[in-house]
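In what follows, a structure is listed as structure tokens, so that the remarks can point back to it.
The values are calculated or read from the model by the stated rules, or taken from the named source; none is laboratory data. From a predicted model like this one, the values you see are computed outputs, not experimental measurements. Every residue, glycine as well, gets a Cβ built from its backbone with ideal geometry; the counts of neighbours run over all protein chains shown. We work out accessible area using only protein heavy atoms, side chains counted, and drop any ligands, DNA or RNA first. Shrake-Rupley method; radii C 1.70, N 1.55, O 1.52, S 1.80 Å.
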Amino acid sequence: MKSFTRIKKINGHEYLYEITPYYDKEKKKIRQKSKYLGKNVNGVAVKVRSVDQIPKKVLSHGEFVPLKQIAEDLEMEKVLSGVVPGKEVWPIL
């Protein structure tokens, strides 16, 4: 059986899927397997979440690790909780 491409419309967006029919011996019926190809852009499949994409935003927290360790060693969370309300301790740290 020959594979074919199907367009599925989900929440107003079109996506392309490769449909491969096969015979299910257990149920004695023809069934289908679908494989996601990507978003339909002018008839071409474009993968939305591909490995090749550059991340939109990268955050680095490495420079704060020594400061966090100092705050833990000095038990600043305990000291601040005695001075300011509990909800304001973490924003201050």
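Is it true that Leu80 is open to solvent by 90 Å² or more (accessible area, probe 1.4 Å) and farther than 30 Å from Ile10 by Cα?
no
Among (1) out of contact with any helix residue (DSSP H, G or I) (no Cβ under 8 Å at 6 or more places or on another chain); (2) open to solvent by 70 Å² or more (accessible area, probe 1.4 Å), which single condition is Ser3 missing?
With respect to (1) out of contact with any helix residue (DSSP H, G or I) (no Cβ under 8 Å at 6 or more places or on another chain); (2) open to solvent by 70 Å² or more (accessible area, probe 1.4 Å), Ser3 is out only on (2).
Has the range 22-39 got at least one residue that is at pLDDT below 90 and among the acidic types (Asp, Glu)?
no
I want to confirm something. Restricting to the range 1-34 and keeping residues that are touching a residue at least 24 places away in the same chain (Cβ under 8 Å) and of a type in the set (S, T, N, Q), which single residue is nearest to Ala45 (Cα to Cα)?
Thr5
Okay, residues lined up against (1) open to solvent by 100 Å² or more (accessible area, probe 1.4 Å); (2) under 30 Å from Ser3 (Cα atoms); (3) not charged (D, E, K, R):
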{"residue": "Pro21", "(1), (2), (3)": "no, yes, yes"}
{"residue": "Lys25", "(1), (2), (3)": "yes, yes, no"}
{"residue": "Leu37", "(1), (2), (3)": "no, yes, yes"}
{"residue": "Val48", "(1), (2), (3)": "no, yes, yes"}
{"residue": "Lys56", "(1), (2), (3)": "yes, no, no"}
{"residue": "Gln69", "(1), (2), (3)": "no, no, yes"}
{"residue": "Val84", "(1), (2), (3)": "no, no, yes"}
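Does the range 16-23 contain at least one residue that is within 21 Å of the chain's Cα centre (by Cα) and not β-branched (Val, Ile, Thr)?
Yes, some residue in the range 16-23 is within 21 Å of the chain's Cα centre (by Cα) and not β-branched (Val, Ile, Thr).
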